[in-house]
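Trainee: What follows is a single structure, and I will ask about it in a moment.
The values are calculated or read from the model by the stated rules, or taken from the named source; none is laboratory data. As the structure is a computational prediction, the values presented were derived from the model and not from experiment. Here the Cβ positions follow ideal geometry from the backbone for every residue, glycine too, while neighbour counts run over all protein chains shown.
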Amino acid sequence: MLLRLLRWRRRRVGRTPVVGVCCPQGAFGHCFRGTPSYIKSRVERSVEFMTNHSNNSTKSVGGDSADHADLFELAQLEVTGVLETHDAMRLERLFRESPDKVQQEVIELQAALAAQVVLLPDVQPNRALIHEVLASVRRDIRQSDADMAPIASIGVRRGAASSRMATSEDSQGDPTLAVRRAEDLRWKRAAKLWRAGCLAGIGGIVVAVVLHVSTTRQAVRISELALQNVVSAQLTSMIGAGLPEFLDQRGVVRGLVGASARESGSVAVMMSPKFDAVLVAWIDLQKDRVLRLEAVDSETAGVTAIGDFTVVNAVGGTRLLVPAGAANLGTVWRLVDSGGNVVFTGGPATR
Amino acid sequence: MDQPNEDKTLMNGVAAGHEASLRLLYERFGALVFRNACQVLGSTSEAEDAVQDVFVQIWRTADRYDPSRSKLITWVMLISRRMLIDRLRRRMIRPPMGALDESIGVPAPQTAYASASDPELMEHFTKVRRRMGELPELQREVIDLVYIKGFSLQEVAEQRSMPVGTVKSALSRGLQRLREKFGIEAAG
């Protein structure tokens, strides 16, 4: 639910400049249509990569050669789409622990493998397929909009034109560009109204939580508020549909504290033995940050990456799957930013 | 703008539902996804349905694309392969595991080999079988079962009473050998 809400809001608010329309055709280096020489070079590089890695796996960059060989084997299998969850997690760990140079090699190798055409038939899709693809996506967008309608009605007047997908015709030529800009302005205003509507509905509660409750208590307070009828529907919609179920297990809500004074937001990790998952909820985190939740075994100090998420709204949440055995009541949770820095941490050791 | 930033901007446009971005994404990868779908599903009509599903899934998950973890082509093809394998598994009347003993060279029902109706695809699968025939038996078998027929590594390992690691290695080496042997030839 939350993800669909975030996508809906992004379409409404985050209208980024249309890619490709302003660029000359063929400016994109990976275009496959009509570029057989490019495909050939990718295949040649694929062969070269595999030859190099099979010959040099024992003198690899980054330490343990077994791990290095494992990294490249798993990276190759990932592209084929057959990796099981535990192998995918191991690949992520090996990748993160590798030096930048090795990471770049893995990225290049996987791209070369993905582009390979050795086993593929030499057939081309019907030219009309693109229209069917776009129609399918439009249907999915409309369905998503319909699902979000109750929330969308807060503070926004929706016209018939507003729910359609931005078309390529909107961005061709100056007159239509002006129209598109005007439309964008309207959406920006609508976004403000939407935000104002949301804040009017739940703002009092959320602001009180943000301003008056300590970091750990804030997280628990959100949980309590969500269980109350006052704001439960809206807050649950913003944080995640599974919130009440997670809150049934009061003993496993962990508040995370900022690793530095710059981290002013609040984060809670909620576990429920009923689900193989955790719910991460936050208040007042910087938007657009990409964070990774990690579970640290308090006895062995072993680290398991649970998953990545993006902070799209200041108040929000996400549900992440947890592999069996990766977390327990003694787990120390931490959030790591895209630079590998621990920005929030919490658990038995910090309580 | 460099390629990773360009790709990230493109995916932001896809996530926002911009038709121009979706068109561009399709132009870059549509044909490759379609060829993969034909290879896995063995039917151009079903491949067309699958391509639509793949691009819908790409739209749904576009905001999760991370250029520091993979190139866009890898990300698109990974989603594509997963969805195709899921589709294959849903579609297939799975042959009893015992029947897999005869599966090499004798295609199981409902797989791409058997269901290919287009002459082009039939010819392609004949060529693939011929190429795979030059691989060692285990590698050939694992590629056939996992890469083409969509069985999981675990299923093949259990059926063959061998460690999953052996299956993984065989698949990895087999694909590598195919690329080494035929990659440049196929592209040239």
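Trainee: Quick check, is B:THR74 surrounded by fewer than 17 Cβ atoms within 10 Å (Cβ to Cβ) and either modelled with pLDDT of 85 or more or over 27 Å from A:SER136 (Cβ atoms) (or both)?
Mentor: no
Trainee: Something else: Out of A:PHE72, A:PHE95, I need the residue that is outside any loop (DSSP other than H, G, I, E, B), aromatic (Phe, Trp, Tyr) and modelled with pLDDT under 90. Which one?
Mentor: A:PHE72
Residue-by-condition table, conditions (1) among the basic types (Lys, Arg); (2) within 14 Å of chain B (Cβ to nearest Cβ); (3) part of a loop (DSSP other than H, G, I, E, B):
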| residue | (1), (2), (3) |
| --- | --- |
| A:TRP282 | no, no, no |
| A:ARG292 | yes, yes, no |
| A:THR300 | no, no, yes |
| A:ASP308 | no, yes, no |
| A:VAL312 | no, yes, yes |
| A:PRO323 | no, no, yes |
| A:ALA327 | no, no, yes |
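Trainee: Sticking with this one: I need every pair where a residue in segment B:24-53 that is more than 7 Å from chain A (Cβ to nearest Cβ) and in contact (Cβ under 8 Å) with a residue 24 or more places away in the chain has its Cβ under 8 Å from the Cβ of a residue that is surrounded by 22 or more Cβ atoms within 10 Å (Cβ to Cβ) and in a loop (DSSP other than H, G, I, E, B), sequence separation at least 6 or different chains.
Mentor: From segment B:24-53, the pairs are B:VAL40/B:GLY150; B:GLY42/B:THR111; B:GLY42/B:ALA116; B:SER43/B:ALA116.
Trainee: Another question, if that's okay. Is it true that B:ASP63 is at pLDDT below 90, more than 9 Å from chain A (Cβ to nearest Cβ) and over 19 Å from the mean Cα position of the chain (by Cα)?
Mentor: Criteria not met by B:ASP63.
Trainee: Then there is this: Working only within segment A:283-315, note down all residues that are modelled with pLDDT under 85, touching a strand residue (DSSP E or B) at 6+ places or on another chain (Cβ under 6 Å) and buried (at least 18 other Cβ atoms within 10 Å of the Cβ).
Mentor: Across segment A:283-315, the qualifying residues are A:ILE283, A:VAL315.
Trainee: For A:THR318, indicate whether it is over 21 Å from A:LEU91 (Cβ atoms) and within 14 Å of chain B (Cβ to nearest Cβ).
Mentor: Considered against the rule, which asks whether it is over 21 Å from A:LEU91 (Cβ atoms) and within 14 Å of chain B (Cβ to nearest Cβ), A:THR318 comes out as yes.
Trainee: Right, something else. Please go through segment A:73-125 and give me each residue that is among the polar types (S, T, N, Q) and more than 7 Å from every other protein chain (Cβ to nearest Cβ), ordered by number.
Mentor: Answer for segment A:73-125, where residues must be among the polar types (S, T, N, Q) and more than 7 Å from every other protein chain (Cβ to nearest Cβ): A:THR85, A:SER98, A:GLN103, A:GLN104.
Trainee: Please find, among B:LEU171, B:LEU178, B:LEU153, the residue that is surrounded by 15 or more Cβ atoms within 10 Å (Cβ to Cβ), at pLDDT below 80, over 21 Å from B:SER43 (Cα atoms) and of a type outside the set (Ser, Thr, Tyr).
Mentor: B:LEU178
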